[in-house]
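The values are calculated or read from the model by the stated rules, or taken from the named source; none is laboratory data. Computed from a predicted structure; not experimentally measured. With ideal geometry, Cβ positions are generated from the backbone for all residues, glycine too; neighbour counts draw on all protein chains shown. When the accessible area is computed, the model is the full protein with side chains, heavy atoms only, and any ligands, DNA or RNA have been set aside. Shrake-Rupley method; radii C 1.70, N 1.55, O 1.52, S 1.80 Å.
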Amino acid sequence: MAIRRLSEGTVNRIAAGEVVERPAAAIKELVENAMDAGATRIDIAASNGGADLLLVEDDGIGMSAEDLRLAIERHATSKLPVVGGEDDLSHIVTMGFRGEALPSIGAVARLSLTSRMAGTEAAEIRVDGGKIEGPRPAAFLASGQHGTRAEVRELFYATPARLKFLKSTRSEDLAITDMVKRLAMARPDIGFTLTLDGRRALDLAAEPDLMDGRLPRLARIMGRDFGDNAARVEAGREGISLSGYAGLPTYNRANAAMQFLFVNGRPVRDKLLVGAVRGAYADFLARDRHPALALFLDCDPSFVDVNVHPAKTEVRFRDAGLVRGLIVGALKHAIEASGQRASTTVASSALAAFQRQAPSPFQTPNIFSGGGMHEAPQAYVPSSVPMSVRMEEVSAETVADTPLGVARAQLHETYVVAQTADGIVIVDQHAAHERLVYERMKKALANGGVHRQPLLIPEVVDLDPSEVIRVSARAAELAELGLVIEAFGPDAVVVREVPAILGKLDVKGLVRDLADEIAETGNALSLKERLEEVSGTLACHMSVRAGRRLNAEEMNALLREMEATPHSGQCNHGRPTYVELKLADIEKLFGRR
């Protein structure tokens, strides 16, 4: 077959396959255009999961009739800067820049664009499956209002095969909602509404300030509990600044769906974030639990390449190691600054459990419910299992001077009950002491280094030549962690000493894991994680066990050390070490409020 040029319509439909893979992707492109146009409010609507209608209306600067005609041409854009007569792809400061979205949408759907610039008449242009009509004069909202209205009907009607790949209406609605939420997180200074099949799904008023409005906007989207249990993140290094909010370790999730990264205001999905978050929270969460957070990275546009994929959801950093180190350091600092603070959801969960499981002994049985007769429930009888309660005399310390209060009792030789200025604190003595011992061990490792154990017979590990080079380059860092390693010819390394704390060790497996990790991330996390895991195990065995009686001095000493120790609000596995109940909450349980 002879070589030939593809038609413009075919080219646009091919491009649409990358840019507009589903309705949410079309929404993303249209909303980003509105954001670049200086909109202060963006109204979005969809019906039938976006397959029938997608609508985005903004109050941005608008476009002239001539602009509309250019906007639907491939690779026509107003957003790419020109330096020295050349388009500059290294300093992109807008959300869009490729000039592909509108012609791609118009190639596979019925696209209508209506727009007005201030002081001009409104104009409209239509693109149906690649066929252009207009521009022509049009009516546009209130007379004199500037902005743009983008209407997309029958998405993928021109490529019927693509319709088969759309998911259910609910799935597409969820994808659209998630996309709008991510864009709204990036710009709290813009008001957003989202209407799905006539139902208002989101209504986010513009926040008065971009920076100060971040947490209120995040709380509206991620939940009020996130706003109550998030630590502020602020850091900078070598011209890169990081800000945002990270959830306390005890405010965690079963998956990473509540983790968001924004680069220069652009929401991105990047495996760098996943690895960095895992490293920062490694001391505080079990591997199957994930924190909630939203981080905003701002840097010189030349430091990051956003032209990796047409969808613009992936980026590539010039120095990924620098970014990862900044994120890990900033998150650890934010967690440490939160001290022994535990999430408020711990207390609310406890109160909810009380309310569900403790019916009143004076409750009258309800034998008629919903018009039907039911068997009268058994009367509530208090448990006959004896409860071990050891009451202690009031110590010389005053409640007002101690955040975690003064010990008043020990329950079941496991839980310490303390009175605070405005409530009570219940401490799991084993979990709390486990964290305290672990933090002591970490400090000792940091101050004195890791004790090394020489191998009677040095272990030779075969590696690829490139892996040998990478691992050898990290020899000094590994030695600080107790692993003495050196090159042994072009395709092997020899291990002479290992961390004594690790005991019996699969040396070859460890070195190969390190080689893979260094190749992927540039960091040797496996060894650090193994050291921390062993330290955590030892801390668990060395800590005060449940079932041990503590006297008043011991209980109060535990409370005071918790107050002075970072991260003492959760054990090494992310579970809370204490629950705080405010007096007002306790009064609610007894109907006093």
May I ask you to list pairs of residues, at least six apart or on different chains, whose Cβ atoms are under 8 Å apart, with the first in segment 109-121 being at pLDDT below 90 and the second being part of a strand (DSSP E or B)? Glu121/Pro137
Return the residue satisfying two criteria in turn: it lies in segment 449-496 and is among the polar types (S, T, N, Q) and closer than 18 Å to Ala519 by Cβ, and of such residues it is surrounded by the fewest Cβ atoms within 10 Å (Cβ to Cβ). Ser466
Name the residue, out of Ala431, Ala409, that is under 30 Å from Cys571 (Cβ atoms), modelled with pLDDT of 85 or more, outside any loop (DSSP other than H, G, I, E, B) and touching a strand residue (DSSP E or B) at 6+ places or on another chain (Cβ under 6 Å). Ala409
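Could you tell me which of the residues Asp178, Asp197, Asp203, Asp212 is open to solvent by 80 Å² or more (accessible area, probe 1.4 Å) and under 22 Å from Gly49 (Cα atoms)? Full working, then the answer.
Working: Asp178 fails: open to solvent by 80 Å² or more (accessible area, probe 1.4 Å); Asp203 fails: open to solvent by 80 Å² or more (accessible area, probe 1.4 Å); Asp212 fails: under 22 Å from Gly49 (Cα atoms).
When all the criteria are applied, what remains is Asp197.
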Name the pairs whose Cβ atoms lie under 6 Å apart, with the first residue in segment 546-575 and on the phi > 0 side of the Ramachandran plot, the second of a type outside the set (Lys, Arg) and open to solvent by 10 Å² or more (accessible area, probe 1.4 Å), and 6 or more positions between them or separate chains? Gly547/Glu413; Gly574/Asn252; Gly574/Leu285; Gly574/Ala286
For Glu151, are the conditions met, namely being at pLDDT below 95, open to solvent by 30 Å² or more (accessible area, probe 1.4 Å) and out of contact with any Gly (no Cβ under 7 Å at 6 or more places or on another chain)? no
So Ala546 ticks every box in (1) at pLDDT below 80; (2) open to solvent by less than 20 Å² (accessible area, probe 1.4 Å); (3) under 18 Å from Ala418 (Cα atoms) but one. Which box is left unticked? (2)
So for segment 476-492 (the condition being modelled with pLDDT of 80 or more, within 34 Å of the chain's Cα centre (by Cα) and not in a loop (DSSP other than H, G, I, E, B)), does at least one residue qualify? yes
Exactly one condition in (1) open to solvent by less than 50 Å² (accessible area, probe 1.4 Å); (2) touching a Gly at 6+ places or on another chain (Cβ under 9 Å); (3) modelled with pLDDT of 80 or more is false for Pro499; which is it? (3)
Given (1) in a helix (DSSP H, G or I); (2) hydrophobic (A, V, I, L, M, F, W, C); (3) touching a Gly at 6+ places or on another chain (Cβ under 7 Å), identify the lone condition not met by Ala206. (1)
Conditions (1) of a type outside the set (Phe, Trp, Tyr); (2) buried (at least 18 other Cβ atoms within 10 Å of the Cβ); (3) modelled with pLDDT of 85 or more; (4) at negative phi -> Lys167 fails only (2)
In segment 262-286, which residues are in contact with a His (Cβ under 7 Å, 6 or more places away or on another chain) and free of Cβ contacts under 8 Å to residues at least 40 places away in the same chain? none
Restricting attention to segment 169-195, and to residues there that are in contact with a Leu (Cβ under 9 Å, 6 or more places away or on another chain) and among the hydrophobic types (A, V, I, L, M, F, W, C), which single residue is farthest from Leu295 (Cα to Cα)? Leu194
Criterion violated by Gln259 - all others in (1) touching a strand residue (DSSP E or B) at 6+ places or on another chain (Cβ under 9 Å); (2) in contact (Cβ under 8 Å) with a residue 40 or more places away in the chain satisfied: (2)
Restricting attention to segment 508-538, which residues are hydrophobic (A, V, I, L, M, F, W, C) and either more than 24 Å from Val328 (Cα to Cα) or modelled with pLDDT of 70 or more (or both)? Leu510, Val511, Leu514, Ala515, Ile518, Ala519, Leu538
Select from segment 54-71 the residues that are surrounded by 19 or more Cβ atoms within 10 Å (Cβ to Cβ) and within 28 Å of Ser302 (Cα to Cα) and write down the one among them that is modelled with the lowest pLDDT. Ala71
